[in-house]
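What follows is a set of notes on a single structure, which appears directly below.
Laboratory data are not the source of any read-out in this text; all were calculated from the coordinates shown. Being a predicted model, the structure only gives us computed values, none of them experimental. Note that we place each Cβ from the backbone using ideal geometry, even for glycine, and neighbour counts take in every protein chain shown.
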Amino acid sequence: MFKKITIVGLSVVLFLPSIYGESKVYADTINNGTLMQYFEWYAPSDGNHWNRLRTDAENLAQKGITSVWIPPAYKGTTQNDVGYGAYDLYDLGEFNQKGTVRTKYGTKAQLKSAIEALHKQNIDVYGDVVMNHKGGADYTETVTAVEVDRNNRNVEVSGDYEISAWTGFNFPGRGDNYSNFKWKWY
């Protein structure tokens, strides 16, 4: 129900100007910018991505780029994680966790410097944030599990039983900075 209402509502908003003959005025008032995805899966894990972005800001503006999409900036499961194995969304390369301070892309200070350089060139920055991924837990917890059919995960093939799963996150390097929330499975 909600999806239908959202789609209908969005359609009305998007097409309202053309219904009332205002599409030309509407189009003339919007700046059609150019967004650049400033990362790719195989970017080097050298901690210099934010520095390269900062250095490239003026060049991007000269080429007509008006916004950049940056990779997930937070700490991943390892220093090589591209950001989709999210460990700590509050650690942007500031705390010693998972064997490193920096992320694959650099430190928090380097990220802030890159964003400042982009903003000086009137380039907007869009961060990629994956809220529903979690990896690299700090400890295991006992949880209830059930086996499922390998060809149909909707079919249970066992009863409930307990397992030890890597689901506990206490973020020892960050402690309670920015958030005191500790992640547990329940």
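Side notes on the structure shown:
- Evaluated at q = 0.11, 0.18, 0.19 Å⁻¹: base-10 log I(q)/I(0), Debye formula over Cα of the range 44-185: -0.53, -0.99, -1.06
- Burial ranking of peptide ranges 70-77, 35-42, 154-161 (average Cβ count within 10 Å, highest at the top): 70-77, 35-42, 154-161
- Unsatisfied cross-links (Cα-Cα over 25 Å) in the set Lys98/Lys134; Lys63/Lys104; Lys75/Lys184; Lys63/Lys134: Lys63/Lys104; Lys63/Lys134
- For the range 43-82 versus the range 125-186, the gap between their alpha-carbon centres in whole angstrom: 29 Å
- The packing ranking, built from the mean of other Cβ atoms within 10 Å per residue, places the peptides 178-185, 98-105 in the order 98-105, 178-185, highest first.
- Electrostatic dipole magnitude of the range 137-186 [Cβ: Lys, Arg +1; Asp, Glu -1; Cα centre; debye, to 20]: 260 debye
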